[in-house]
Structures are given as structure tokens and as C-alpha cells.
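> My questions will all concern the structure given below.
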Amino acid sequence: MRLAAGSPDWTPSGLSEARGRGRRARRARVGIGALAVAAVLAPAAAAHSPLFFAPRHASPTTPLRVADGTVSIAAYGRLDRTTRTLHLEVKLAPGAREPLEVLAPAGTNPFPSVRVEVRAPGGNWRLVRPLAELQSFYEPYGRQSYLRTHTGRVGSAAGGVFLIRVTLPQGVSSRSVCVATGSREVFAGGSDLGRALERIRAWARG
């Protein structure tokens, strides 16, 4: 198994103003170091801002929408017998091509792999094949370990709105899944930071 490293978007700007300057400075030094390592070992997983799938995103007509597909995001969700598919929609300018990853919580069995497909504007669904060798990495801010099961690209010369679909494998009752895409870090946080961490840990527990 090849090891990699990565860190979502838990930077000092995501901490509340109530925390002291000294603590923010210490977090800044840690964050810069973590992102520097991630840029070498796992660029697509370097600093994703968290989003969360809801049951309505099972339909391709009501996907989880990202207006700017260059922004680095990670969308967490759970597939089960009532929600067998989840859809993420990203909008990209002509010529833009962004990384795509699908992740599972470490310590879980990711086989058989979820089915991952991408549809370009006006096109057919294109299959993103699972990795032959899983990649494991640890994200220190959320203290969460992941398995990277799929990697690919989203975008085209023409640009437009792209739809990403993940589907639960036949014979599997449930699966936690994370779809990560985009490369431009937009640091955000505030009062929702702690709640997001709680939701990610719950996602990992299944």
C-alpha cells in the first residue's frame, strides 16, 4: 500500500476570534507544514473544504451543486439501500481540468468499490476506474485516516457543468463515501468548524 499525506481546510482562519493570537500562530505554523507536505504527496487532497450530501442529492436533477469547480471541496455522504446513488455537480470554465478523488474511511473494507462516473455537458457517463493499489493518508486537523479508492480528472476544452455520480455496489448494504475535487484553496471556518469535524467523525464511524 502506498502512503500519502493530506490535510483538509482546517487553517487558523477557521478558528474563532475568541482564541488567542499565540494559539492561532502555533496553528498557522502547523498548517503551513502540513500543506507543504500535502503539496508533494497528495495535491488533490491538500486542503478540501467540507460539504455534506443529503438524501435529495440521490437524484441527478437535485445534485449537490458547486458553482466554482476550481474550489477545493470534499463532499461527505453515505450510500445505503434507500440512497444508492449520490450526485455532485461542478461548473468549470473552458479548458479547466480539476482533480477528482473518491475516499473511504480507513479501517473499512472498500471492496467491492463504489461505482464512480462523470458526465460532461451533453455527453455520456464516463467510468472512473478504481485504483489497483489503495492509498492511505492521515489528515491531522480532523484526526482522520482515509483510503483513496479512485482518482481522475473533471473538465474539458469546452467547459460547462459536469455531474459526478457515485453508486453503491450490488450486494453491499451501506458505504461511507467522500468525493473530493478542485485545487484552489478557499479558507473558511468560524463557528461551523467544530460541527463540521463532528460530522466527519460520524461519517467515518458509519
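The values are calculated or read from the model by the stated rules, or taken from the named source; none is laboratory data. Values in this document were obtained by computation on a predicted structure and should not be read as measured data. Virtual Cβ from ideal backbone geometry, glycine too; neighbours counted across all protein chains shown.
> Determine whether region 182-204 contains at least one residue that is in contact (Cβ under 8 Å) with a residue 60 or more places away in the chain and within 18 Å of residue 116 (Cα to Cα).
Yes, region 182-204 contains at least one residue that is in contact (Cβ under 8 Å) with a residue 60 or more places away in the chain and within 18 Å of residue 116 (Cα to Cα).
> Looking only at residues that are buried (at least 16 other Cβ atoms within 10 Å of the Cβ) and closer than 20 Å to residue 96 by Cα in region 24-62, which one is modelled with the highest pLDDT?
Residue satisfying both the conditions and the ranking: 49.
> Among the listed residues 92, 103, identify the single one that is farther than 15 Å from residue 50 by Cα, crowded, with 20+ Cβ neighbours inside 10 Å and touching a Phe, Trp or Tyr at 6+ places or on another chain (Cβ under 8 Å). Lay out the reasoning, then the answer.
Working: 103 fails: farther than 15 Å from residue 50 by Cα.
That would be 92, the only listed residue that is farther than 15 Å from residue 50 by Cα, crowded, with 20+ Cβ neighbours inside 10 Å and touching a Phe, Trp or Tyr at 6+ places or on another chain (Cβ under 8 Å).
> Considering only region 145-153, I want to know if a residue exists there that is of a type in the set (Gly, Ala, Ser) and in contact (Cβ under 8 Å) with a residue 24 or more places away in the chain.
Checking region 145-153: at least one residue is of a type in the set (Gly, Ala, Ser) and in contact (Cβ under 8 Å) with a residue 24 or more places away in the chain.
> Checking the conditions here, which among 19, 65 is surrounded by fewer than 16 Cβ atoms within 10 Å (Cβ to Cβ) and either within 14 Å of the chain's Cα centre (by Cα) or at pLDDT 95 or above (or both)?
Among 19, 65, only 65 is surrounded by fewer than 16 Cβ atoms within 10 Å (Cβ to Cβ) and either within 14 Å of the chain's Cα centre (by Cα) or at pLDDT 95 or above (or both).
> Within the bounds of region 167-186, is there any residue that is surrounded by fewer than 18 Cβ atoms within 10 Å (Cβ to Cβ), basic (Lys, Arg) and under 30 Å from residue 81 (Cβ atoms)? It would help to see each step written out before you state the result.
First, the residues of region 167-186 that are surrounded by fewer than 18 Cβ atoms within 10 Å (Cβ to Cβ): 167, 169-174, 183-186.
Pick out the ones that are also basic (Lys, Arg) and you get 184.
With under 30 Å from residue 81 (Cβ atoms) added as a condition, the list becomes none.
No - not one qualifying residue is present in region 167-186.
> When you scan region 167-174, do you find a residue that is closer than 29 Å to residue 94 by Cα and touching a Lys or Arg at 6+ places or on another chain (Cβ under 7 Å), even just one?
Taking region 167-174 and keeping what is closer than 29 Å to residue 94 by Cα, we get 167.
Now drop any that are not touching a Lys or Arg at 6+ places or on another chain (Cβ under 7 Å), which leaves 167.
Yes, there is a match, as at least one residue in region 167-174 is closer than 29 Å to residue 94 by Cα and touching a Lys or Arg at 6+ places or on another chain (Cβ under 7 Å).
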